[in-house]
Amino acid sequence: MNYQNIKIHSWHDIQPLFEELLNRKINSYSEYLNFILEWNMLLTIISEDSGWRYINMTCHTQDENFKQEYLDFVTQIQPHLQIMQDKINRKTFESSYFKSLSDNEYSLFKKNIQKDIELFRDENVPLFTKIQELQQKYAEISGAQTIVYEGKTLTLQQASVYLKKLDRKQRKEVYYLINERRLQDENTMNELLNELIQLRHRVAVNAGFSNFRDYMHKALGRYDYTVDDCKKFHKSIEKSVVPVIENIHQIRQNKLNLVNDYYPYDTQVDMYGLEPLKPFVTEEEFLQKSIQCFEQIDSFFANCLKEMHAQKRLDLSSRVGKAPGGYQYPLYQSGVPFIFMNAVGLHRDLVTLMHETGHAVHFFLNNHYPILDFKSPPSEVAELASMSMELITMEHWEVFFPDKKDLMRAKQQQLESVIDALPWIAAIDKFQHLLYENPNHSIDERYEYWISTIEKLSSKSIKYDGLEKFLKIKWQAQLHIYEVPFYYIEYGFAQLGAIAIWRNYKQNPKKALEQYKAALSLGNTKSISEIYTTAGIQFDFSENYIKSLIDFLWKEYEACIW
Ligand SMILES: [Zn+2]
């Protein structure tokens, strides 16, 4: 079957192709393999099509056609696709040849198919559509949150830039404006979460689980760790990372001259009282310096970026009419991914491009696999690729910061953000466990869950007196709780892995890079633990292991401050 020239306007354009696959008689193992390959070819084409719909929409938010094309996919094609996928999964699984698929190559593919079949329930399809609509509501409510400051209307994302201002009065004013604005939606956000929790709980019960947490643990394909391992991670972070965060904030409040007067609006300002770093001015300079930086590490990395540039797969600068954020989108059919971001010349833009290029390198090392599942590793691995790249490239940031002190500040800020993220990740995950273990909790209980969680997983040096009402709803700003539940701890695991890869890189760059690339080349054909082992690191959440990584990071951090 030749799928190359399909144009997908509606479900009817692809339905007959799936029907043909579904009705096809399979008479030999080679026909069976062929069936799997053709099915994946079809999925590859659909994925490229939906990819462009997403990319076009986010690059041109004011274009109604692009928005409609994307929505058409989500509402008119995706629900049919889900049902069809289940049918094809069943055909694949029920075939007598399923057992013949080699355990070496196909073990995860087989596990994933069995898992999807086990979880699939017809009655959950409309629930998922309803859930998706509610998730969209979260995006609408938070997207409509703006403040007016100095006569300018700012989104909360734009406003957060003011939290870095050297003028404390400005920081404080904007901090209050942002949080007062969030407070206006407190009840709406709580009710929205009530509805989501109820629906998600039903999905879980329909599929035979006692709660949605356990359902998601299975749905996310977490074969390598248990729910108890997640809890062990929360504990280890509390024990090994929180004391280090405490040290960092002690240093900051000393340098800022704010001992015992250090508030949330003082946590992001430069502690030396210096203006923000400027790693580049124009987009061209940004790109060329990034290529130069990668060139010093591995020419393959640089070539990935050059190829994306040549194929017009980079949209880096911020402009009116672009969605916020940054992402790397895999485009399996055309074979070159897309990087989207909103660069304005800040340090964090540099980190974002290093991160997304890490994902792109991963893509280029994987795209030769003929089966979609083989090249779609879970986030514990995908984010390992990107987060490691942030830290590896940091060793070569002098391209962006020829001044020694600027370079030290850039590293210091990067390491602060790495370490700050870990307890927050643990808190968001732990909070979600409590929410779904107790689906009928009251709003007051919900607040108790949050406060007891965040108290253990944040720095006590930051004062919240008078700001308790803001702290109480801080989690409402975390879109994952609403839009992608439980999908967050992966970042924590990957961040730890990235620190370990960076440590290896500092000891033996050549070997560390070989291991990094070898691990990434495995795609999704091996377990997370095997991939981490190939990368020369451990998949481990014990207190001791985490402490050894954090001790290393702390030494590096200390070397960057003066
Ligand atoms: Zn990422």
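The values are calculated or read from the model by the stated rules, or taken from the named source; none is laboratory data. Quantities reported herein were computed from a predicted structural model and do not represent experimental measurements. Virtual Cβ from ideal backbone geometry, glycine too; neighbours counted across all protein chains shown.
Of all the helices (runs of 4 or more DSSP H) wholly in the range 1-103, which have at least 3 residues that are of a type in the set (Asp, Glu) and under 22 Å from Gln333 (Cβ atoms)? Steps first, please.
On the way: elements: 11-23, 29-59, 64-72, 78-94.
In the range 1-103, 11-23, 29-59 are the helices (runs of 4 or more DSSP H) which contain 3 or more residues that are of a type in the set (Asp, Glu) and under 22 Å from Gln333 (Cβ atoms).
Give me the pairs: first residue in the range 83-103 and aromatic (Phe, Trp, Tyr), second residue modelled with pLDDT under 95 and in a helix (DSSP H, G or I), beta-carbon distance under 6 Å, and six or more apart or on different chains, which are they?
Short answer, once both residue conditions are applied: Phe93/Ile113; Phe93/Ile117.
Kindly indicate whether Lys322 is free of Cβ contacts under 8 Å to residues at least 60 places away in the same chain, more than 16 Å from the ligand (Cβ to nearest atom) and either assigned to a strand (DSSP E or B) or out of contact with any Lys or Arg (no Cβ under 8 Å at 6 or more places or on another chain) (or both).
Values: free of Cβ contacts under 8 Å to residues at least 60 places away in the same chain: no; more than 16 Å from the ligand (Cβ to nearest atom): yes; either assigned to a strand (DSSP E or B) or out of contact with any Lys or Arg (no Cβ under 8 Å at 6 or more places or on another chain) (or both): yes.
No: the conditions fail for Lys322.
Output the qualifying pairs, or none if there are none: Cβ atoms under 9 angstrom, residues six or more apart or on different chains, first residue in the range 456-477 and under 13 Å from Ala427 (Cβ atoms) and surrounded by fewer than 18 Cβ atoms within 10 Å (Cβ to Cβ), second residue of a type in the set (Gly, Ala, Ser) and at pLDDT below 95.
So the pair list comes out as Ala477/Ser142.
Scan the range 13-37 for residues that are within 25 Å of Asp72 (Cα to Cα) and surrounded by 11 or more Cβ atoms within 10 Å (Cβ to Cβ) and jot them down.
Narrowing the range 13-37 to residues within 25 Å of Asp72 (Cα to Cα): 13-22.
Within the range 13-37, Asp13, Ile14, Gln15, Leu17, Phe18, Glu19, Glu20, Leu21, Leu22 qualify.
Per-residue answers, yes or no, for (1) in contact with a helix residue (DSSP H, G or I) (Cβ under 9 Å, 6 or more places away or on another chain); (2) surrounded by fewer than 19 Cβ atoms within 10 Å (Cβ to Cβ); (3) modelled with pLDDT of 95 or more:
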| position | (1), (2), (3) |
| --- | --- |
| Arg168 | yes, yes, yes |
| Tyr176 | yes, yes, yes |
| Arg181 | yes, yes, yes |
| Leu192 | yes, yes, yes |
| Gln198 | no, yes, yes |
| Phe212 | yes, no, yes |
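Against the conditions (1) under 27 Å from the mean Cα position of the chain (by Cα); (2) surrounded by fewer than 18 Cβ atoms within 10 Å (Cβ to Cβ); (3) in contact (Cβ under 8 Å) with a residue 40 or more places away in the chain, where does Tyr138 fall short? Just the number, please.
In the conditions (1) under 27 Å from the mean Cα position of the chain (by Cα); (2) surrounded by fewer than 18 Cβ atoms within 10 Å (Cβ to Cβ); (3) in contact (Cβ under 8 Å) with a residue 40 or more places away in the chain, Tyr138 misses (2) alone.
For the range 442-455, give me each residue that is in contact (Cβ under 8 Å) with a residue 12 or more places away in the chain and either touching an Asp or Glu at 6+ places or on another chain (Cβ under 6 Å) or not basic (Lys, Arg) (or both).
Across the range 442-455, the qualifying residues are Ile443, Tyr447, Tyr449, Trp450, Ile451, Thr453, Ile454.
Could you please let me know if Lys511 is farther than 26 Å from Glu238 by Cα and in a helix (DSSP H, G or I)? It would help to see each step written out before you state the result.
Numbers: farther than 26 Å from Glu238 by Cα: yes; in a helix (DSSP H, G or I): yes.
Here the answer is yes, as Lys511 does meet what is asked.
Among the residues of the range 325-339, write down those that are surrounded by 15 or more Cβ atoms within 10 Å (Cβ to Cβ) and within 16 Å of the ligand (Cβ to nearest atom).
Gly326, Tyr327, Gln328, Tyr329, Pro330, Pro337, Phe338, Ile339
Got a number for residues in the range 330-367 being farther than 18 Å from Gln157 by Cβ, of a type in the set (Gly, Ala, Ser) and in a loop (DSSP other than H, G, I, E, B)?
Total satisfying the criteria: 2.
Quickly run through the range 449-474 and pick out the residues that are part of a helix (DSSP H, G or I), touching a helix residue (DSSP H, G or I) at 6+ places or on another chain (Cβ under 9 Å) and of a type outside the set (Lys, Arg).
Taking the range 449-474 and keeping what is part of a helix (DSSP H, G or I), we get 449-456, 468-472, 474.
Retained after the next criterion (residues that are touching a helix residue (DSSP H, G or I) at 6+ places or on another chain (Cβ under 9 Å)): 449-454, 456, 468-472, 474.
Answer for the range 449-474, where residues must be part of a helix (DSSP H, G or I), touching a helix residue (DSSP H, G or I) at 6+ places or on another chain (Cβ under 9 Å) and of a type outside the set (Lys, Arg): Tyr449, Trp450, Ile451, Ser452, Thr453, Ile454, Glu468, Phe470, Leu471.
Which members of the range 399-421 meet the condition of being within 19 Å of the chain's Cα centre (by Cα) and either within 16 Å of the ligand (Cβ to nearest atom) or not in a helix (DSSP H, G or I) (or both)? Give the steps one after another, and end with the answer.
Going residue by residue through the range 399-421, those that are within 19 Å of the chain's Cα centre (by Cα) are 414-421.
Scanning the range 399-421 gives Gln414, Ser417, Val418, Ala421.
Out of contact with any Pro (no Cβ under 7 Å at 6 or more places or on another chain), among the polar types (S, T, N, Q), within 16 Å of Val361 (Cβ to Cβ) and in contact (Cβ under 8 Å) with a residue 40 or more places away in the chain: does that describe Ser299?
Details: out of contact with any Pro (no Cβ under 7 Å at 6 or more places or on another chain): yes; among the polar types (S, T, N, Q): yes; within 16 Å of Val361 (Cβ to Cβ): yes; in contact (Cβ under 8 Å) with a residue 40 or more places away in the chain: no.
Spelling it out, it is not the case that Ser299 is out of contact with any Pro (no Cβ under 7 Å at 6 or more places or on another chain), among the polar types (S, T, N, Q), within 16 Å of Val361 (Cβ to Cβ) and in contact (Cβ under 8 Å) with a residue 40 or more places away in the chain.
Out of the residues in the range 383-398 that are of a type in the set (Gly, Ala, Ser) and buried (at least 24 other Cβ atoms within 10 Å of the Cβ), state the one that is nearest to the ligand (Cβ to nearest atom).
Restricting attention to the range 383-398, the residues satisfying the condition of being of a type in the set (Gly, Ala, Ser) are 385-386, 388.
Add one more test, that the residue is buried (at least 24 other Cβ atoms within 10 Å of the Cβ), and what stays is 385, 388.
Working: Ala385: 8, Ser388: 11 Å.
Here the answer is Ala385.
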